[in-house]
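Notes for the one structure printed next.
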Amino acid sequence: MNTKVRYHLLLCASSKKQLCCKSTQGIKSWERLKNILKNLNLDSPNHPKGMILRSKVDCLRVCKSGPILLIWPDGIWYENVSPKRIDAIITNHLIKGNPIKEWIIKETPLASFTKELRTRTTS
Ligand code: FES
């Protein structure tokens, strides 16, 4: 795969554990996420800024206040990601570059992991 990837979104939407949200809630958010990315052509491998990948995951180990959405490489974790919130996150965070602070529960940016890893492997 020689495609530029801009973001990878992981959504805990219909976990077998059913701890962070009801499966019906999660499925609605997952369907909205797939549809909005497709409708805005953000999932296209030919998008000039790089494509946005999405994956439905079984558990992100938060297990409350879901659906939970994790956005890489920013390492931004959102809670209570309803279909309406999906729309707002796509527009504000992914398109305009402004994460929605009041819905963020955790920040683990990939850049800090990479820097830490380089420090560990070179020392
Ligand atoms: S069940 Fe969704 S984060 Fe664990």
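Throughout, read-outs are computed from the coordinates displayed, never taken from laboratory work. A quick note: this is a predicted structure, and the numbers were derived from the prediction, not measured. Ideal geometry is used to build each Cβ from the backbone, glycine not excepted, and the neighbour counts take in all protein chains shown.
Before moving on, here are some points about what is shown:
- Cut-off 15 Å (backbone N to label point 7 Å along Cα→Cβ of SER23), residues of region 44-74: 57-59
- Prolate/oblate/rounded call for the chain, Cα gyration tensor, a/c under 1.5 rounded: oblate
- For ASN80, nonlocal amide neighbours, meaning residues 5 or more places apart or on other chains whose placed amide H falls under 5 Å from its own, are GLY66.
- 3J(HN,Hα) from dihedral phi, region 10-15, Karplus parametrisation 6.51/-1.76/1.60, rounded to Hz, x for glycine, proline: 10, 10, 7, 10, 9, 4
- GNM result for the chain, Cα springs below 10 Å: residue of SER14, SER65, SER112 fluctuating most strongly: SER112
- Radius 11 Å from Cβ of LEU19, net charge of other residues (Lys, Arg +1; Asp, Glu -1): +4
- Taking trypsin sites (Lys or Arg not before Pro) as exposed when their DSSP state is a loop state and no more than 13 other Cβ atoms lie within 10 Å, the longest site-free interval of the chain runs over 65-95.
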